[in-house]
Amino acid sequence: MELSHLEIQTERLTLRPLTIDDVEAIHQIWIDAGVRKFMWDDEIISFEEASAVIEKSVKYFRCKGFGLWAVLPRDEDRIIGLIHQFPELKQGFLSTLALDLLCFARGDILHGAFVI
């Protein structure tokens, strides 16, 4: 499945499936102290681990249509966060958010979560 058709745009944001090209930007968000405390139990994950997670997400999107969504300001090519959407057992979908903390006050990531 080609992933480019899954892009969603709102007035403020672009949401699209993460690609392996996004590893560096996402890794920087995931190792931020304020994010890793909740996403990774305060562990600084390796670049390789971040890459493996994103590769898994790409496979999920191709096979099942869900995974990790990149969140970008609408007319910029700068990832400010991600929305994690994976099924968890029989509980339905589990969505979690990780974001560049500087963008949190604007409410961008929450806006994106409501879209998904």
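The values are calculated or read from the model by the stated rules, or taken from the named source; none is laboratory data. Every value quoted in this text rests on a predicted model; they were computed, and no experiment measured them. Cβ: placed from backbone, ideal geometry, glycine included. Neighbour counts: every protein chain shown.
Odds and ends about this structure:
- Residues satisfying the stated conditions in the range 32-51, i.e. modelled with pLDDT of 90 or more, among the aliphatic types (A, V, I, L, M) and under 14 Å from the mean Cα position of the chain (by Cα): ALA50
- When residues in the range 9-46 are screened for being surrounded by fewer than 13 Cβ atoms within 10 Å (Cβ to Cβ) and at negative phi, 10 of them pass.
- Scanning the range 66-89 for residues that are more than 17 Å from GLN9 (Cα to Cα), surrounded by fewer than 15 Cβ atoms within 10 Å (Cβ to Cβ) and not acidic (Asp, Glu) gives PRO87, LEU89.
- Residue pairs meeting the criteria (Cβ under 8 Å; at least 6 apart or on separate chains; first over 13 Å from ASP21 (Cα atoms), in the range 32-58; second assigned to a helix (DSSP H, G or I) and modelled with pLDDT under 85): ASP32/LEU101; GLY34/LEU101; VAL35/LEU101
- Tally, over the range 48-65, of residues that are exposed (fewer than 13 other Cβ atoms within 10 Å of the Cβ) and in contact with a helix residue (DSSP H, G or I) (Cβ under 7 Å, 6 or more places away or on another chain): 0
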